[in-house]
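The values are calculated or read from the model by the stated rules, or taken from the named source; none is laboratory data. As the structure is a prediction and not an experimental result, all values here were calculated from the model. With ideal geometry, Cβ positions are generated from the backbone for all residues, glycine too; neighbour counts draw on all protein chains shown. For the accessible areas, the whole protein counts, side chains as well, though only heavy atoms, and no ligand, DNA or RNA atoms are used. Shrake-Rupley method; radii C 1.70, N 1.55, O 1.52, S 1.80 Å.
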Amino acid sequence: MTEPFGRMFLPGPTEVRPEVLEAQVGPMIGHRTPEMEALVRRIQAPLRAIFRTERPVYIAPSSGTGMMEMAVRNAARRRVLSLVNGAFSERFARIAEANGLDVRRLEVPWGAVHSPEQVEEALAEYDADTVTICHSETSTGALNPVAELTAAAHAAGDVVVLVDAVSSMAGAPLETDGWAIDYVLTGSQKALALPPGLAFAVARETVLERARSKPDRGYYYDVLAFEKNLAKNQTPNTPAVSLLYALAAQAERIAEEGIEARWTRHAAMAQRTYDWVDERRAAGVPVGILAPDGFRSPTVTCVTLPEGVTGPGVVAALRDRGYTVAPGYGRLKESMIRIGHMGDQTPDTLDGLLETLTEVLT
Ligand SMILES: *Cc1c(COP(=O)(O)O)cnc(C)c1O
């Protein structure tokens, strides 16, 4: 812990405040004890405020991908329409396939987003019972219009909508109840700014109903088991006790800031990044932003680089100066970098990175 806070701009895992890291150092407690029930109860209220829901928030010792598997195993009957616009939305499709479901992809280019009309047309042609959507596509920095897409899917009939909000939850406006999202999931190590190892999800009654009629929905990620245990402020299996201590501390910090203020801070960091891109372009350095204006994630920006400059090259140059960012994802690795301006970073800490990036790119 020699570096001061504000050097780590990966789009996950993100930098964790020292006081949150320190909160992990507590005694082990059994999971069927009053102490654990008090801890789970204490965590639920701020978590529900983050998710904007009245429903219980499931907590699993897992990475985010585990809750994607929970989503399809419990909610999908047979046919899944997967909205694909990058690596993580493609992962959702593959998880559905790996669980024996029929999957049709509604693909748009990496960096682009989906429109409600596209969803409407796809569902008119393909009788899906489930739609998967990635809210903030961390591989491209695009933000899908989840409220509109969910409404379009629901208008098609008996369809449930499963949303991957791993890199948007607690950073981008998202209304679980208000947008009638049937299932939404996230992980601890992105905009929640916790250590990796916890995953979270909320399911509506629509999903519980489907789970009840699916005896082969699996064991570890059974939504009904999570429901039943959370009603007693317990978890189905042994919880990651140390991580729950960190979560309790961080959930309280987030409640103090206020979720809307947290969204605003993320929007300000994103805007700072766009302004920096404009300034650099005006100075003759042809950087750009992959995702279209109006559909950009407030938590991660995919910056396109000038000819002759590579993603891994910029990452290495920044590392030499004490900063961490990610190269482009997969096929975009060489031509881009990704800046994760999320979690507990601030416009001030981001300025430090952007100033250094200016030096690196001249
Ligand atoms: C990071 C990420 C994931 C994967 O999460 P893990 O915690 O690594 O399993 C899934 N979806 C999105 C959008 C992500 O950003």
I want to confirm something. Restricting to segment 297-355 and keeping residues that are of a type in the set (S, T, N, Q) and surrounded by fewer than 24 Cβ atoms within 10 Å (Cβ to Cβ), which single residue is nearest to the ligand (Cβ to nearest atom)?
Thr324
When you look at Arg210, is it in a loop (DSSP other than H, G, I, E, B), surrounded by 19 or more Cβ atoms within 10 Å (Cβ to Cβ) and more than 16 Å from the ligand (Cβ to nearest atom), yes or no?
no
Those residues that are out of contact with any Leu (no Cβ under 7 Å at 6 or more places or on another chain) and among the hydroxyl-bearing types (Ser, Thr, Tyr), I need them from segment 187-213; list them, please.
Thr206, Ser213
Looking at Thr140, Thr150, can you tell me which residue is of a type in the set (Ser, Thr, Tyr), away from the ligand (no atom under 14 Å from the Cβ) and not in a strand (DSSP E or B)?
Thr150
How many residues of segment 225-266 are surrounded by fewer than 16 Cβ atoms within 10 Å (Cβ to Cβ) and closer than 30 Å to Thr304 by Cβ? The answer is 1
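Out of all the residues in segment 287-296, which are more than 16 Å from the ligand (Cβ to nearest atom) and surrounded by 13 or more Cβ atoms within 10 Å (Cβ to Cβ)?
Of segment 287-296, the ones more than 16 Å from the ligand (Cβ to nearest atom) are 287-289, 292-294.
Within segment 287-296, Val287, Gly288, Ile289 qualify.
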Which number in (1) under 20 Å from the mean Cα position of the chain (by Cα); (2) outside any helix (DSSP H, G or I) marks the one condition that Ala71 misses?
(2)
Name every residue in segment 294-334 that is outside any helix (DSSP H, G or I) and without any contact (Cβ under 8 Å) to a residue 24 or more places away in the chain, in order of residue number.
Gly294, Glu307, Gly308, Pro327, Lys333
Candidates Glu117, Glu97, Glu107, filtered to the one that is open to solvent by 50 Å² or more (accessible area, probe 1.4 Å) and touching a residue at least 24 places away in the same chain (Cβ under 8 Å):
Glu117
Checking Pro145 against (1) open to solvent by 10 Å² or more (accessible area, probe 1.4 Å); (2) within 16 Å of the ligand (Cβ to nearest atom); (3) within 28 Å of Glu334 (Cβ to Cβ), the condition it does not meet
(3)
List pairs: first in segment 36-57 and under 14 Å from Met169 (Cβ atoms) and at pLDDT 95 or above, second of a type in the set (Phe, Trp, Tyr) and crowded, with 19+ Cβ neighbours inside 10 Å, Cβ under 6 Å, 6+ apart or cross-chain?
Val57/Phe51; Val57/Phe200
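Could you please find all residues in segment 153-170 being in a loop (DSSP other than H, G, I, E, B), farther than 24 Å from Thr14 by Cα and either within 15 Å of the ligand (Cβ to nearest atom) or not hydrophobic (A, V, I, L, M, F, W, C) (or both)? If you could, list the steps in order and put the result at the bottom.
To start, the set of residues in segment 153-170 that are in a loop (DSSP other than H, G, I, E, B) comprises 156-159, 165-170.
Those still in the list that are farther than 24 Å from Thr14 by Cα too: 156-159.
Scanning segment 153-170 gives Gly157, Asp158.
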If we scan segment 154-177, do we find a residue that is touching a Gly at 6+ places or on another chain (Cβ under 8 Å), farther than 26 Å from Gly86 by Cβ and of a type in the set (S, T, N, Q)?
no
Filter result (among the hydrophobic types (A, V, I, L, M, F, W, C), within 16 Å of the ligand (Cβ to nearest atom) and more than 20 Å from Arg253 (Cα to Cα)) within segment 33-88:
Ala60, Met67, Met68, Met70, Ala71, Val72, Leu83, Val84, Ala87, Phe88
Which residue pairs have Cβ atoms closer than 7 Å, lie 6 or more positions apart in sequence or on different chains, and pair a first residue in segment 152-181 that is in contact (Cβ under 8 Å) with a residue 12 or more places away in the chain and under 23 Å from Asp127 (Cβ atoms) with a second residue that is of a type in the set (Asp, Glu) and crowded, with 24+ Cβ neighbours inside 10 Å?
Val160/Asp182; Val161/Asp182; Leu162/Asp182
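Among Arg42, Arg94, Arg77, which is in contact with a helix residue (DSSP H, G or I) (Cβ under 7 Å, 6 or more places away or on another chain), basic (Lys, Arg) and assigned to a helix (DSSP H, G or I)?
Values: Arg94 fails: in contact with a helix residue (DSSP H, G or I) (Cβ under 7 Å, 6 or more places away or on another chain); Arg77 fails: assigned to a helix (DSSP H, G or I).
Checking each option against the conditions leaves just Arg42.
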Would you please name the residue that is least open to solvent (accessible area, probe 1.4 Å), looking only at residues in segment 1-35 that are touching a Leu at 6+ places or on another chain (Cβ under 8 Å) and under 18 Å from Pro61 (Cβ atoms)?
Val20
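With the requirement that a residue be closer than 27 Å to Phe9 by Cβ and either open to solvent by 10 Å² or more (accessible area, probe 1.4 Å) or more than 11 Å from the chain's Cα centre (by Cα) (or both), what does segment 176-192 give you? Don't jump to the end; show me each part of the working.
Residues of segment 176-192 that are closer than 27 Å to Phe9 by Cβ, as a first pass: 184-192.
If the condition is that a residue be closer than 27 Å to Phe9 by Cβ and either open to solvent by 10 Å² or more (accessible area, probe 1.4 Å) or more than 11 Å from the chain's Cα centre (by Cα) (or both), then Gln189, Lys190 are the ones that fit.
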Looking at (1) part of a loop (DSSP other than H, G, I, E, B); (2) within 11 Å of the ligand (Cβ to nearest atom), which is the only condition Pro173 fails?
(2)
